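Structure first, commentary second.
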Amino acid sequence: MNNKIKLAVAGAVLASASVANAGITWDAGEWTVDMNGNVNAFAIMTNAEDSNVINGGLATGKGNDDDTVGINTGLLPSWLGFTATTRQNDLDTSVTISFQPGAGNTTALSGGNSANAATENRQAFLTFGDKSWGSVKVGKDLGIFGSTAILNDMTLLGVGAGNSTVGNTTTLGRIGTGYVYADWIGQIAYTTPNMNGFQATLGITQPWKANTALSTATVSSASTGSNDEFGFQGQGSFSWTGDFAGKVWAGFFSQNVENVADGGTGSSDTSTALEVGVSTSIYNINLVAYGYSGEGLGTTSLLGDAYDTTGEARDSDGGYVQATYVIPMGTKLGVSYGVSKLDDNASDSTVLGQTLVEENSMLTVGAYHPLTKHLNLVAEYSHVEAEAHNGDSNENDVIALGAILFF
């Protein structure tokens, strides 16, 4: 993948002043405006093995050897973002707003409108700062913890886990099979200047709710969270250039969660997690290794399945490895494998609790060909497995063919 495509991905996923030149720019008085984004869609074909009930499992199906097909956006939604930047009073300031229309639908409404094609608004934030002391971000944007893991995921240009996605805005990619989704969250964050390759970000975030997701009755009484303390996220990284270039990073997540016990008994706990990762490139080869571990972190989504019905935190961990190689004709070939694990607690010994997911894993091989400097053709195959604590398992084979165009 060439540098322009890389910039386009960064601009579409994490628009900010640092990537304000990634799209189409023009001057408007004292402001420079950047319009950036992408449009993508894929034909997604999924074959499901088995049809076991696995709460939190990412491999699902209606029955043995069941096939489903659909047209949908991939992990990266179709995107239209606007960033306006200016420098006043010795401050670089910017504002970013974006929206993400969905491509999938399952029913039609009168007048030619399609139903179930969700539209999201993932970004609305401002920044201010100076290269001498750093910058401050205020508003809604990609979370800090887990952000570098998803930005290095090769399925960002494709589909990854894609079963049951028609009507959703995006597929899952490797979310839940190697890392927990950073998601889009309200925050106030400070980022240091780049100090000879080292940079760090620390932020306070909107506190989120936790849930057990074992049944509707359980969720209604257990999906409460903390509203009296902010969450905290941070990440530090060191990057280097040259023939052997790369980046190492480490991050953390912490948030108080209250009243998570069934019936709202007033229990309180703190969800915590750590992550580490490395991405290195030499010639046309890129290697990525990432891992995380948490208590009360959850799996797939932040705080998803993080606590049992008594309010006790569940432990979770996981990671992924990835290797890509750009052949002389420009096509990037890649293979990656990742797993996310969720421990059970003593209270999960009931029949319902034993269907809680123990492990989601995925093997993906893909080819990403830059037909032009902005347009990529994509072919992916993913094998997704989900295993419950009672030993039941489901498997999905996902084939995705499509295109993604950046601007």
Subset of segment 266-297 that is touching a residue at least 24 places away in the same chain (Cβ under 8 Å) and in a loop (DSSP other than H, G, I, E, B) - its residue that is farthest from Thr350 (Cα to Cα): Tyr283
Checking Ala213 against (1) within 27 Å of Leu342 (Cβ to Cβ); (2) at pLDDT 80 or above; (3) aliphatic (A, V, I, L, M), the condition it does not meet: (2)
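Among the residues of segment 131-165, which ones are touching a strand residue (DSSP E or B) at 6+ places or on another chain (Cβ under 9 Å) and small (Gly, Ala, Ser)? Lay out the reasoning, then the answer.
Kept after step one, since they are touching a strand residue (DSSP E or B) at 6+ places or on another chain (Cβ under 9 Å), are these residues of segment 131-165: 131, 134-165.
Gly134, Ser135, Gly139, Gly143, Gly146, Ser147, Ala149, Gly158, Gly160, Ala161, Gly162, Ser164 - these are the residues of segment 131-165 that are touching a strand residue (DSSP E or B) at 6+ places or on another chain (Cβ under 9 Å) and small (Gly, Ala, Ser).
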Among (1) buried (at least 17 other Cβ atoms within 10 Å of the Cβ); (2) modelled with pLDDT of 95 or more; (3) over 17 Å from Asp315 (Cα atoms); (4) of a type in the set (Ser, Thr, Tyr), the one test that Ser254 misses: (3)
Check on Val357, within 25 Å of Gly146 (Cα to Cα), surrounded by fewer than 16 Cβ atoms within 10 Å (Cβ to Cβ) and in contact (Cβ under 8 Å) with a residue 24 or more places away in the chain: no
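Yes/no matrix, rows are residues, columns are (1) of a type in the set (D, E, K, R); (2) in contact with a helix residue (DSSP H, G or I) (Cβ under 7 Å, 6 or more places away or on another chain); (3) assigned to a strand (DSSP E or B):
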residue: Thr299; (1), (2), (3): no, no, no
residue: Thr310; (1), (2), (3): no, yes, no
residue: Pro328; (1), (2), (3): no, no, no
residue: Tyr337; (1), (2), (3): no, no, yes
residue: Leu363; (1), (2), (3): no, no, yes
residue: His369; (1), (2), (3): no, no, yes
residue: Asn390; (1), (2), (3): no, yes, no
residue: Val398; (1), (2), (3): no, no, yes
residue: Gly402; (1), (2), (3): no, no, yes
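Name the strands (runs of 3 or more DSSP E) wholly within segment 22-76 that hold at least 2 residues that are modelled with pLDDT under 90?
Values: elements: 24-28, 31-49, 66-72.
Those strands (runs of 3 or more DSSP E) span 31-49, 66-72.
If we scan segment 310-327, do we find a residue that is touching a residue at least 12 places away in the same chain (Cβ under 8 Å), over 30 Å from Ala210 (Cβ atoms), surrounded by fewer than 24 Cβ atoms within 10 Å (Cβ to Cβ) and among the polar types (S, T, N, Q)?
Just the residues of segment 310-327 that are touching a residue at least 12 places away in the same chain (Cβ under 8 Å), to begin with: 310-327.
Right, trim to over 30 Å from Ala210 (Cβ atoms) and you get 323-327.
Within this subset, residues satisfying the condition of being surrounded by fewer than 24 Cβ atoms within 10 Å (Cβ to Cβ) are 323-327.
Checking which are among the polar types (S, T, N, Q) leaves us with 324.
Checked segment 310-327: at least one residue is touching a residue at least 12 places away in the same chain (Cβ under 8 Å), over 30 Å from Ala210 (Cβ atoms), surrounded by fewer than 24 Cβ atoms within 10 Å (Cβ to Cβ) and among the polar types (S, T, N, Q).
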Criterion violated by Lys373 - all others in (1) surrounded by 15 or more Cβ atoms within 10 Å (Cβ to Cβ); (2) under 24 Å from Gly37 (Cβ atoms) satisfied: (1)
Candidate set from segment 342-361 (those that are among the hydrophobic types (A, V, I, L, M, F, W, C) and assigned to a strand (DSSP E or B)); member that is farthest from Leu157 (Cα to Cα): Leu356
Single residue of Glu359, Glu380, Glu295 found to be among the acidic types (Asp, Glu), modelled with pLDDT of 95 or more and within 22 Å of Leu76 (Cα to Cα): Glu380
Subset of segment 330-354 (residues that are touching a residue at least 40 places away in the same chain (Cβ under 8 Å) and out of contact with any Leu (no Cβ under 8 Å at 6 or more places or on another chain)): Gly330, Lys332, Gly334, Gly338, Val339, Ser340, Lys341
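The values are calculated or read from the model by the stated rules, or taken from the named source; none is laboratory data. Model, not experiment: these values are computed from the prediction. Heads up, the Cβs are rebuilt from the backbone with ideal geometry, glycines too, and the neighbour counts pull from every protein chain shown.
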